[in-house]
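Worksheet: one structure, shown below.
The values are calculated or read from the model by the stated rules, or taken from the named source; none is laboratory data. All values reported here derive from a predicted model rather than from experimental measurement. No Cβ is skipped: glycine too gets one built from the backbone with ideal geometry, and neighbour counts run over all protein chains shown. Areas reflect the complete protein model, heavy atoms only, side chains present, ligands, DNA and RNA absent. Shrake-Rupley method; radii C 1.70, N 1.55, O 1.52, S 1.80 Å.
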Amino acid sequence: EALAELERQTYIQRNGNVYEYLTNEEQVIEEEIKDVDSGASEVSSQLFKILSGDVIKTNKIRYAKNGQDFGFGFKLDDQVHGAQKELSVHFITPEYPYEPEQIRMHSAGKDELRVILEPDERVLTDLRLLLKTDKYTKRKRTTSLSALEEQILQAKATLNREREKELVQRLRMAVGKAVLVHNAADVPAASADALGRVTEGFQALVDRTYTQLKLLGGVTYTEQQVAEAVKPESPFVDPLHKIHQASEDVMSTIQRKYGQGEQVTMKTIVDTFQSKPYGWDLASIEVIVASLIGGSKITLTVDGNVLKRSEA
């Protein structure tokens, strides 16, 4: 407590877990750094940058049951960051203005995995100081400096780089110990590795969001199999094949839309089956449609011309 008070009064500075005395000149600069404005949006953007770019490092996670990669969007304390997908990984920081039970309840009915970071009161304090110091040193270098000021600024910049590395490490640990929540319920996870833990929770998110993913029979297909699937003697046409139930769903969707007078395009089918409750990948949808063409159940038209199987 005494050290924290001395730090607040700018007699000392903290570098990780090490405290250092400040000279009179250093105290003046440290006070000026503390006076630099650092808005909430800047803090949020920097925190997102570290969590997405240094901790998670991906916007796709593999679903273990069939090897399919699912893209996701990021959220941070209810704020959307970057491109959004049907699924989201939503980080909750210690500054989020709700209690854990409310956080769980607010997740009900949402296609997101909530990652409730383990409380670490210094993370956001240090993050603000990181931004203030960076902003200050860049601004100060545009003015004329004494040799001593230049030396202090160089030391501040070096210290700030170390601070950023330490923040990344602390946030990795916070995610590795985070409570995971989906649809108002906790999701169990054993991994203490940040990405490993989020990946574990993501499996449950995919399971519960894409309830008809199982119609693919635990298999995903490739673009290279499309040409094979369209042949009449293709194994894809065999009703005993794993894809049979999925084909039935695609066929009934086409019939229903056609019956409603809708022009059914490939995009219509892709949009329907990539979304809830299916979550099928593009190549698998193409293979299923090709198998229906191969079985003479549907025809494919391009620019008003019906294609032969060999052209499809």
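Numerical summary
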quantity: Percent accessible area from carbon and sulfur atoms, the chain, protein chains only, probe 1.4 Å; calculated: 51
quantity: Å² per residue, accessible surface of the stretch 137-191 at 1.4 Å; calculated: 55
quantity: Gyration tensor verdict on the stretch 230-301 (Cα atoms; rounded if a/c is under 1.5, prolate if a/b is larger than b/c, oblate otherwise); calculated: oblate
quantity: Average accessible area per residue (Å²) across the stretch 267-312 - probe 1.4 Å, nucleic acids and ligands excluded; calculated: 50
quantity: Furthest towards positive pole of dipole, Gln9, Ser45, Ile269, structure part the chain, Cβ charges; calculated: Ile269
quantity: Net +/- balance of residues flanking Ile50 in space, Cβ distance below 14 Å, scoring K and R +1, D and E -1; calculated: +1
quantity: Too-long pairs where the Cα-Cα distance tops 21 Å, listed order kept, from Lys57/Lys267; Lys34/Lys57; Lys34/Lys75; Lys60/Lys257; Lys110/Lys257; Lys49/Lys75; calculated: Lys57/Lys267; Lys34/Lys57; Lys34/Lys75; Lys60/Lys257; Lys110/Lys257
quantity: Cα centre as origin, Lys/Arg/Asp/Glu Cβ charges: the stretch 149-220 dipole, Debye; calculated: 160
quantity: For the stretch 177-182, Karplus couplings with θ = phi - 60° (6.51, -1.76, 1.60), whole Hz, Gly/Pro x; calculated: 10, 5, 7, 9, 9, 9
quantity: Sequence of Thr158, Thr137 when ordered by accessible area, the most exposed leading, probe 1.4 angstrom; calculated: Thr158, Thr137
